Amino acid sequence: MENLFLTRQSVFDILKKRNMKKGETPMSLRHGMLGLINLTPMTGYEIDREFKESLQYIWQAKSSQIYSELDNMEKRGWLTSERVMQDEKPNRRVYSITENGKTELLDWLSKPEDDVKTALTGKNAFLFRVLLAGSLSKEQSLALLRSFRDVCVARKAQQEGIRSEILEDEAKYDQNQILFFELVAMHGEMMNATRLEWIEKAIDIVENTDFMKGGAV
């Protein structure tokens, strides 16, 4: 009975997503963008840069999605935009949040139930590869694990850069906001430290394990 219930619930979730209005997203790229603009008026280019440089470990977004959401939110009355003319640079369109936008943002921030439930779930194709790596040779499996270690080491260096950016932002934002910037940065640092600890142990275990011949696919 439990499995039947889960199946029905999954079907319900799929139908709910299909019945969403065209152009809507189940979360919230738009709410994340709304929050950024609430901190300070921004251009589409500036938002795109934030997602690619500072926020890539939290949420990934394509440039086309960002500009599409800006148009949608302006049509909804959550944002207004102003064209700023520049002499020696391309003109800029700066977006600001409206009162309706602030209401929407606060409503989203105050109802985190769905995001809390999904925070520890998701797709991880790399771990699926590790799960099935018994079909590889020892050399192939070590190459797989070492590639992940390289990414973790590079991410550690990038996170140090993000920490420096937070310190630079202290004069720009109030202390409450800086506090939560720090908490998110801490999450990323601790998660990456855990990944590094795990991958080092995993590599050591595989290096010291005798593989059966013929393991390669």
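Residue under question is V94, and the condition is that it be surrounded by 15 or more Cβ atoms within 10 Å (Cβ to Cβ) and without any contact (Cβ under 8 Å) to a residue 60 or more places away in the chain; does it hold? Criteria met by V94.
Going by the conditions given, is S81 assigned by TED's automatic domain parsing to the domain that holds E46, out of contact with any Pro (no Cβ under 8 Å at 6 or more places or on another chain) and among the hydroxyl-bearing types (S, T, Y)? Spell out the reasoning first.
Working: assigned by TED's automatic domain parsing to the domain that holds E46: yes; out of contact with any Pro (no Cβ under 8 Å at 6 or more places or on another chain): yes; among the hydroxyl-bearing types (S, T, Y): yes.
Yes, satisfied.
Rundown of residues vs (1) part of a helix (DSSP H, G or I); (2) not β-branched (V, I, T), yes/no style:
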| site | (1), (2) |
| --- | --- |
| F51 | yes, yes |
| D71 | yes, yes |
| K75 | yes, yes |
| V94 | no, no |
| K111 | no, yes |
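In the range 166-198, the residue that is farthest from Y57 (Cα to Cα) out of those that are modelled with pLDDT under 80 and assigned to a helix (DSSP H, G or I) is A171.
Restricting to the range 114-139, what's the tally of residues that are surrounded by fewer than 14 Cβ atoms within 10 Å (Cβ to Cβ) and either assigned to a helix (DSSP H, G or I) or in contact (Cβ under 8 Å) with a residue 40 or more places away in the chain (or both)?
At the first step, the residues of the range 114-139 found to be surrounded by fewer than 14 Cβ atoms within 10 Å (Cβ to Cβ) are 114-128, 131-132, 134-135, 139.
This time we only want the ones that are either assigned to a helix (DSSP H, G or I) or in contact (Cβ under 8 Å) with a residue 40 or more places away in the chain (or both), so: 114-118, 125-128, 131, 134-135, 139.
Adding up the residues that qualify gives 13.
Of all positions in the range 58-72, at least one carries a residue that is within 20 Å of Q177 (Cα to Cα) and not assigned by TED's automatic domain parsing to the domain that holds E189.
Look at (1) acidic (D, E); (2) surrounded by 12 or more Cβ atoms within 10 Å (Cβ to Cβ); (3) under 24 Å from T209 (Cα atoms) and you find that D150 fails only one, number (2).
The values are calculated or read from the model by the stated rules, or taken from the named source; none is laboratory data. Quantities reported herein were computed from a predicted structural model and do not represent experimental measurements. Every residue, glycine as well, gets a Cβ built from its backbone with ideal geometry; the counts of neighbours run over all protein chains shown.
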